[in-house]
Amino acid sequence: PPMTPEMFRRLAGAVAVAVVAWNAFFFRVNPDELGVVLRFGEYVRQQEQGLHYRLPYPIEEVLLPKVTQQRVTEIGLRSSASGRGIPSGATDVREESLMLTGDENIVDIEYAVLWQIKDVFKYAFDVRNPEQNVRDGAEAAMREIIGKSNLQYAQTEGRSRIEQDTKDLLQRMLDEYGLGVRISQI
């Protein structure tokens, strides 16, 4: 028999109910993500990549932070492009980049911090605004290391050592604060 308008409305309604039910009860975690399931706003479990079941929204909510993504925080400059190097359209941020060396010279340092989420629970729930904490910590760590160095050392053979010392100090600071991130490179 041909499909009547009533049969079409019922079929459309059944399809709509199925789509809503699917979205209400299932979620997908991509390979670069980690699913963090919250029940009434409280942490319940983590889910690896794949398709998973959850209770509908008012009861359970899912956060999907990209845990394998390499994040970049720029200190002393802001660019719209992501990646390494200083793009031609970068904006200089002098209050971050000007630093005093141990021999009382002023240096202008622009650098980037590459980092990833190490502990998604700490990153998502233990601190507010983790990106700003990485920025502030990186600036403080670099100022401390530069403040112990002289200008000649910082401009020549000490550059790689300063990068490594800053990375180590920053990682210790962020671990102490319980931020849940791993510094890859300065």
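The values are calculated or read from the model by the stated rules, or taken from the named source; none is laboratory data. Bear in mind the structure is a predicted one, so any value in this text is a computation, not a measurement. With ideal geometry, Cβ positions are generated from the backbone for all residues, glycine too; neighbour counts draw on all protein chains shown. We work out accessible area using only protein heavy atoms, side chains counted, and drop any ligands, DNA or RNA first. Shrake-Rupley method; radii C 1.70, N 1.55, O 1.52, S 1.80 Å.
So the values come out like this:
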| read-out | value |
| --- | --- |
| Condition broken by Val113, with the remaining ones in (1) part of a helix (DSSP H, G or I); (2) within 30 Å of Leu63 (Cβ to Cβ) satisfied | (1) |
| Close pairs (9 angstrom Cβ cut-off, 6 or more residues apart or separate chains): over 11 Å from Ala24 (Cβ atoms) in segment 44-57, in a loop (DSSP other than H, G, I, E, B) and open to solvent by 60 Å² or more (accessible area, probe 1.4 Å) anywhere | Gln49/Pro31 |
| Test: residue in segment 128-151 that is farther than 22 Å from Val181 by Cα, in a strand (DSSP E or B) and open to solvent by 60 Å² or more (accessible area, probe 1.4 Å) | no |
| Scope segment 28-51; condition out of contact with any strand residue (DSSP E or B) (no Cβ under 6 Å at 6 or more places or on another chain), modelled with pLDDT of 90 or more and more than 20 Å from Ile117 (Cα to Cα); matching residues | Phe40 |
| Cross-chain or 6+ apart pairs with Cβ under 7 Å, segment 156-184 first and more than 22 Å from Gln69 (Cα to Cα), then among the acidic types (Asp, Glu) | Leu169/Glu144 |
